[in-house]
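The values are calculated or read from the model by the stated rules, or taken from the named source; none is laboratory data. Keep in mind the model is a prediction, meaning the values are calculated, not measured. Glycine gets a Cβ as well: all are built from the backbone with ideal geometry, and neighbour counts include every protein chain shown.
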Amino acid sequence: MTIALLVLGGIVGIGLGRYFFGGWFNHLSLYSAIWSGSLALFEVRFVRYYSLAPETWLIIIASWLSFVIGSATYMVVRGQGIPQSGDRTGKIGPSERAVYVTIWILVGIALAVALQHWSVVLKKFGSLEFVLLFGNVVYSTRVHEGLPGMIPFLDSLGLTASLLAGIYTAMVGRVRVVSVLPLLVVIVQALAAMGRAKILLATLLFGSGFLLYRHRIRMNLRDSARASRARLFIGMVSVAVLVVLGAELIRSTRVTVEEFAGATKALKNLEGGSFITPSIYLYLTVQHGVFNRYLMSEKESVPIGTYSLAPFWRVLSKIGFETYVPQYQRFYSTPAPANTGTYLRELHADYGIWGVVVGPYLLGLLCSFTWCRAVETGRLLYFSVLGHLYSLVGVSFLLLATMWGYWVFSLLAGCVICFFLDRRESKRHTAPQVLPVTC
């Protein structure tokens, strides 16, 4: 019964998103699909999770409804129906050439930083063979001791490039080499750290950029395709395969533990396989159990804004202030041990009950406002902000993305870069034309 209600709630949320935003890909549908699916899988109980307390269900449902209301508020208040592009001429944004060159520059910088990260790893562990054979040692060392000497922040430009690559792919209507390069660079970076979070984030940014910009193109021009749909489909499938292979390479290299406390026989039968493994099920579901145990423990107390502003506090700690926020949080037994408890855990820890109600409302409101501005103006600045907001929604069942310094840096870098791309395009269109002198 619970699973049926969750699926029904997801369908209703997806339908509301389609109604308000005129397409299937939008933040309301994305949130509803992710939370409905994850909670339904949790209730399947391939791991014998402790049951969620009524208080936990109440907070999850209230935050979901709050996000729905926040998303709908701006659309209702503006009272103009689904926004349309303000430009019906076919010139709907910066030139493909400008975006193309920008992606290459960002990829070049990100690749150079990735190679520097690899040099640090190889210097510490001795050889590439050791890193690939004992990825679990590399991962454990990074988590517990850190890998000092790596250039910070600039590797996040690979994420910014992934968003622009998605937009560029929508512009040209096909997957080109430059479309795939940012994701390849992010995978190279992720291998050096033996972590998969950046691959997930890069995929969400690429997909958001592509689907959001393609939606606007379709609204602007009835026939926007420049290449066959079959070719585009094959290209996007290739991108998906690349991402999955990259994540699986890290999983297998790290020798991820596939035996969990409370696992059922059906889940244990997946041990030893590839791609579809017990750990995948755990990553998709355990966060709800952690959030439940966190609420029941009532043992955590942190200053206001600790997790939502974590990168800011970490920067201050580097210049002498005692404000460091750990990268990893406390583990809880669900009975499988885990430490990520959805974005609601961070919002609740930072702001209490107001955080899990007002936070999702403001997130939905901001997504709707930015979505309308992106569609109406076509400015890359709005698409950059919106793509990062969608990635935040996409990982909301895991944690609050603002805890990741590389998410914050990618957002800031994307805003600056896209602002100048928009400004360059504006000047190009407003510059006075010089007419030839005739006698």
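Observations
- Meets criteria (touching a residue at least 12 places away in the same chain (Cβ under 8 Å) and either over 14 Å from Ile59 (Cβ atoms) or assigned by TED's automatic domain parsing to the domain that holds Leu39 (or both)) for Glu322: no
- Odd one out for His144, checked against (1) within 21 Å of Arg251 (Cβ to Cβ); (2) surrounded by fewer than 20 Cβ atoms within 10 Å (Cβ to Cβ); (3) without any contact (Cβ under 8 Å) to a residue 60 or more places away in the chain; (4) touching a helix residue (DSSP H, G or I) at 6+ places or on another chain (Cβ under 8 Å): (4)
- Only residues that are assigned to a helix (DSSP H, G or I) and surrounded by 16 or more Cβ atoms within 10 Å (Cβ to Cβ) were counted in segment 7-22, giving 8.
- Residue that is surrounded by the fewest Cβ atoms within 10 Å (Cβ to Cβ) [pool: residues in segment 147-172 that are farther than 27 Å from Val121 by Cα and either under 16 Å from the mean Cα position of the chain (by Cα) or of a type in the set (A, V, I, L, M) (or both)]: Val172
- Residue pairs whose Cβ atoms lie under 9 Å apart, sitting 6 or more positions apart in sequence or on different chains, and linking a residue in segment 201-227 that is surrounded by 18 or more Cβ atoms within 10 Å (Cβ to Cβ) to a partner that is at pLDDT below 60 and in a helix (DSSP H, G or I), do not occur here.
- Number of residues in segment 45-60 that are aliphatic (A, V, I, L, M), surrounded by 15 or more Cβ atoms within 10 Å (Cβ to Cβ) and outside any loop (DSSP other than H, G, I, E, B): the value is 3.
- Near pairs, Cβ below 6 angstrom, 6+ apart or cross-chain, from segment 173-191 (surrounded by fewer than 22 Cβ atoms within 10 Å (Cβ to Cβ)) to any residue that is outside any helix (DSSP H, G or I) and not aromatic (Phe, Trp, Tyr): Gly173/Ala225; Gly173/Arg226; Gly173/Ala227; Arg174/Ala227
- Considering segment 101-180, the qualifying helices (runs of 4 or more DSSP H), each wholly inside and each with 1 or more residues that are more than 13 Å from Ala192 (Cα to Cα) and of a type in the set (Ser, Thr, Tyr), run over 157-172.
- Residue match in segment 101-121 (condition: at pLDDT below 80 and among the small types (Gly, Ala, Ser)): no
- Residue within segment 392-404 that is under 17 Å from Pro311 (Cβ atoms), of a type in the set (Phe, Trp, Tyr) and surrounded by fewer than 23 Cβ atoms within 10 Å (Cβ to Cβ) present: yes
- Evaluation of Thr370 against the conditions (1) more than 24 Å from Ile280 (Cα to Cα); (2) at pLDDT below 95 shows that the sole unmet condition is (2).
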